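Okay, so here's the structure we're looking at.
The values are calculated or read from the model by the stated rules, or taken from the named source; none is laboratory data. Keep in mind the model is a prediction, meaning the values are calculated, not measured. Using ideal geometry, Cβ is built from the backbone for each residue, glycine included, and neighbour counts are taken over all protein chains shown.
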Amino acid sequence: MLEKFEKIIYYVLIILLVVVIVFSVIEVVRSLGEDLLINTPYRINHLELLDLFGLFLLVLIGIEILDTIKAYIKENKIHVELIVLLAIIAVARKVILLEPDASTALTWIGIGVVFVALSAGYYLIKQAGITL
């Protein structure tokens, strides 16, 4: 009975996540259209580009979360490589959106260490073929 309840919760989460992803894609399209046609016609400045990339990467993160939940439902296993890939995308998003002037060298070093560790972990997981 508990497994059935768990499956229902996963399906509810998938439906809600699909709704969030759809509205996120609509927001990306709206933002792109506004930046291209209204703010500065046929040009996008660097701040608008950063906002667009942030929105785009948020959609990718949502899709990766959806893939993780789907994989768990299908195989009843956690795919560690998907979780690490999701973390890599989230760190990349942070790097893209981080203002260079507003952050310290220690922040950049920390992000670099996290990124290298996640990348190395992803490589090792793919080499070993690990799933839980």
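Values as computed for the structure displayed
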| item | result |
| --- | --- |
| Check on Leu47, at pLDDT 85 or above and either touching a Leu at 6+ places or on another chain (Cβ under 7 Å) or assigned to a helix (DSSP H, G or I) (or both) | no |
| Answer residue from the range 10-35, given it is surrounded by 15 or more Cβ atoms within 10 Å (Cβ to Cβ) and either polar (S, T, N, Q) or at pLDDT below 90 (or both) and is nearest to Ile78 (Cα to Cα) among those | Ser24 |
| Any hit, the range 50-62, residues being part of a helix (DSSP H, G or I), aromatic (Phe, Trp, Tyr) and free of Cβ contacts under 8 Å to residues at least 12 places away in the same chain | no |
| Any hit, the range 59-67, residues being under 24 Å from Gln127 (Cα atoms), within 15 Å of the chain's Cα centre (by Cα) and charged (D, E, K, R) | yes |
| Enumeration of residues in the range 63-89 that are assigned to a helix (DSSP H, G or I) and out of contact with any Leu (no Cβ under 8 Å at 6 or more places or on another chain) | Ile63, Lys70, Tyr72, Ile73, Lys74, Glu75, Glu81, Leu82, Ile83, Leu85, Leu86 |
| Residues of the range 1-15 satisfying the condition of being assigned to a helix (DSSP H, G or I) and of a type in the set (A, V, I, L, M) | Leu2, Ile8, Ile9, Val12, Leu13, Ile14, Ile15 |
| Scope the range 90-124; condition of a type in the set (Val, Ile, Thr) and assigned to a helix (DSSP H, G or I); matching residues | Val91, Val95, Ile96, Thr107, Ile109, Ile111, Val113, Val114, Val116 |
| Those residues of the range 45-78 which are farther than 30 Å from Glu34 by Cβ and of a type in the set (Gly, Ala, Ser), in sequence order | Ala71 |
| Among residues of the range 97-124, those that are under 15 Å from Val80 (Cα atoms) and not hydroxyl-bearing (Ser, Thr, Tyr), counted | 5 |
